[in-house]
Amino acid sequence: MIFAGGEILPDSERNAVLGRLEKETSQTLSGPPLEEETVLNALDMLGRELDSGALDPLIARYAPPGAREEIDRVRPQISRAALEERLALELGGLRGPRPFGFSKVRPLGVLFHVAPGNMAGLPAFTAVEGLLTGNINLVKLPREDRGLTMAVFQKLTQTEPRLAPYLYAFETPSSDVLSLRALARLADGIVTWGGDGAVTAMRSMAPPGCKLIEWGHRLSFAYLSDWEGLDLSGLADHIVRTGGLLCSSCQVIYLDTDCLSVAEKFCKQFLPLLERAAAAHYETPGQAAQGVLYAREAALEQMVDRANSDDLNFPGRCCSLTLRRDCEPELSHLHGNVLVKRLPRGEIIPALRRQRGRLQTAGLLCPAPEREELVDLLARAGVNRITAPGHMSDSFPGEAHDGEYPLRRYVRVVENNL
């Protein structure tokens, strides 16, 4: 399916839409610019419908189970007040008079979004950021989208028809290189949310002068110091709830120790909390069976991948912990199966710097007197977000994304020195 001109079209229209896209985008860019107030009003009306429950049938039809809860968690970010604050924070300092003249903020023009599929609503959200900066948005939908983004685009353009020329969506597989190249050729900026393969592919397709905006995969972890007597239930809930699927999901639990017996003791104490979180998450017999399969799959993968390793495994009901001897940041097995490693604070920077540029969130749990020292160490190692372990995947209005303000990447500053 395709979304173009405010309508959902069959895939048979793909070549026709691509054939006229350059003319349509040029016409749109030749007309009056898209005003921030127009976008804010449309998003505000959509948010009110979401709050009233009017969009619940749409979410139930097009989104996976649990999507409503995910959307509710990010709802504060798309409130009118939060979006106005973002615009002021991220773009406000770029506007206004200068000693040599006057600066104006203008959109890049056309953004080609290679959207993520690891969280419901993210493809629509990346396009919203493009709309806020006045750009035309061409969105390659992920396989997991199931029609939610097109339904949201249709709702937005019905609410505000002036948005229709600024929103396009394509259910184009990554194997359709010709279509992707056609979209990339039109772009002033390519926004890619994928892993290394997706980023490399987009680099090869980006025309000269096109800005490549990477929101690639990231590694996140928890760091625990002197955890005895501290509440770890929030971390256990986070690990099971996110399933390791988000860039902010805890992939490794680091312990501020070099003692293996201390790490083993932690695993034995933490496993019951992880089992309790899994039992709360997998409520039905079918969900519980799925959790058992995930845990068994993780155990089998460990047997195959690390047959000669000296890992220590702690299997639980619908979850597991694996204690490894190294301190490298890496991806864990998914769905409540997580890695535990020792990392004394004196080794934080040399160990984590090996993954510089890939680190995102650290969930820090430590006594209050140690907090400032550990926050500074983690920040110097390259971590961009530091929060409580149970809130690693919570989003806060106005926060930076992977250490940068996204809206600044979607605009250009025009200097008027006349």
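Values in this text are rule-based calculations from the coordinates and carry no lab data. Computed from a prediction, not measured in an experiment: that's the story for all the values here. A quick note on method: Cβ atoms are made from the backbone with ideal geometry, for glycine too, and the neighbour counts reach across all protein chains shown.
Note on Asn313/Met1: beta-carbon distance plugged into 1/(1 + (r/R0)^6) with R0 of 41 Å gives a FRET efficiency of 0.40. Each Lys and Arg Cβ is given +1 and each Asp and Glu Cβ -1; about its Cα centre, the chain then shows a dipole of about 920 debye.
Taking other Cβ within 10 Å of each residue's Cβ, how do Val414, Val17, Val128 sort, fewest first? It would help to have the intermediate numbers written out before the result.
On the way: Val414 10, Val17 19, Val128 22.
Placing the least packed residue first, the sequence is Val414, Val17, Val128.
The order of Cys250, Cys318, Cys267, going from fewest to most other C-beta atoms within 10 Å of their C-beta, is Cys267, Cys318, Cys250.
With both labels modelled 7 Å from their Cα along Cα-to-Cβ, the Arg371 to Val262 distance reads 2.2 nm. Helices in the chain, meaning DSSP H runs of at least 4 residues, each add -39500 (n - 2.57). Divided by all residues, the mean residue ellipticity at 222 nm is -13000 deg cm²/dmol.
For Leu232, no residue has an amide H sitting under 5 Å from its own, ignoring neighbours fewer than 5 places away on the same chain, with H placed 1.01 Å from N.
For Cys259, Cys366, what ranking results if the residue with the fewest other Cβ atoms within 10 Å of its Cβ goes first?
On the way: Cys259 11, Cys366 18.
By the 10 Å Cβ count, ascending, the order reads Cys259, Cys366.
Label-to-label distance for Arg356 and Ser12 is 5.6 nm, based on points extended 7 Å past Cα in the beta-carbon direction. Note on Ala280 and Gln27: their simple-model spin labels are 5.5 nm apart, each label 7 Å out from Cα toward Cβ.
Give the shape of the stretch 1-115 as rounded, prolate or oblate, defined through the alpha-carbon gyration tensor: a ≥ b ≥ c are the square roots of its eigenvalues, a/c under 1.5 means rounded, and otherwise the shape is prolate if a/b is larger than b/c and oblate if not. In terms of gyration-tensor shape, oblate. Computed extension gain for Leu212 through Asp51, at 0.36 nm per residue and net of the alpha carbon distance, reaches 54.4 nm. Annotation: peptides 398-404, 34-40, 153-159, 48-54, ranked by per-residue average of other Cβ atoms within 10 Å with the highest first, follow the order 153-159, 34-40, 398-404, 48-54. Take every pair of alpha-carbon atoms less than 8 Å apart whose residues are at least six positions apart; their mean separation over the length of the chain yields a relative contact order of 19 percent. Membrane-span-like helices of the chain, defined as complete DSSP H segments with a Cα extent of 20 Å or more along the helix axis and a mean Kyte hydropathy of at least -1.0, are identified as 14-30, 36-52, 260-281, 285-305.
Mean sequence separation of contacting Cα pairs (under 8 Å, at least six apart), scaled by the length of the stretch 219-391, corresponds to a relative contact order of 31 percent.
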